[in-house]
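Just below is one structure, and these are the notes that go with it.
No value in this document is a laboratory result; all are computed from the given coordinates. This one's a predicted model, so the numbers in the text were calculated from it and none came from an experiment. Ideal geometry is used to build each Cβ from the backbone, glycine not excepted, and the neighbour counts take in all protein chains shown.
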């Protein structure tokens, strides 16, 4: 059973992440699609502002991981839970291709779609339902 502190920390981090997605425009599929439409560069319609979001996220992650992993263990857990798989296999490539295709076609990826549930709109809700269905099917296929 998780402690109240762990649950509160997870809620706080999730809210901060969701707010960051909303403020940055990542929860707006039209902004994401205009960023992913690199053919629009020639027409002057390309929106490259999300490069700053990506750059900021990479910088924070780069510094944050190095700082946090110097600790012997996390503050609210007994040990770090880091991925150990390093193989680039068929499942990884197919999953990455499906993720990228879905993001490019719809403009949502999982985090922004969940953050978009804060607004009463059908589109992100349908996306999340389809995403959960895909996760369920993927678990059955494995």
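Ranking 131, 26, 54 by Cβ neighbours within 10 Å, fewest first, what do you get?
Working: 131 17, 26 24, 54 12.
Arranged by neighbour count, lowest to highest, 131, 26, 54 become 54, 131, 26.
Annotation: for a label point projected 7 angstrom from Cα along Cα→Cβ of residue 94, residues of region 100-141 with backbone N closer than 19 Å are 100-103, 131-141.
Net length available on complete extension from residue 119 to residue 17 is 35.1 nm, with 0.36 nm assigned per residue and the Cα-Cα distance removed. Ordered from longest to shortest, the equivalent ellipsoid semi-axes for region 19-62 are 21, 13, 6 Å, each the square root of 5 times a Cα gyration tensor eigenvalue.
Over the residues of the chain, the helix contribution to mean residue ellipticity at 222 nm works out to -21500 deg cm²/dmol, using -39500 (n - 2.57) for each DSSP H run of at least 4.
When the chain is treated as a GNM, springs tying every alpha-carbon pair under 10 Å, which of 34, 79, 116 comes out with the largest mean-square fluctuation? Comparing 34, 79, 116 in the GNM, the peak value goes to 79. The smallest convex shape that holds all Cα atoms of the chain, its convex hull, gives 169 Å³ per residue.
Would you kindly calculate the mean projected area, averaged across all directions, of the convex hull enclosing the Cα atoms of region 66-142, in square nanometres? Don't jump to the answer; show the numbers that get you there.
Numbers: hull surface 31.6 nm².
That works out to 7.9 nm², a quarter of the Cα hull's surface.
Gain in length, residue 65 to residue 5, computed as 0.36 nm per residue apart minus the alpha-carbon separation, to one decimal in nm? Kindly include the intermediate steps, with their values, before the conclusion.
Details: separation 60, 0.36 × 60 = 21.60 nm, distance 2.15 nm.
Length gained, residue 65 through residue 5: 19.4 nm.
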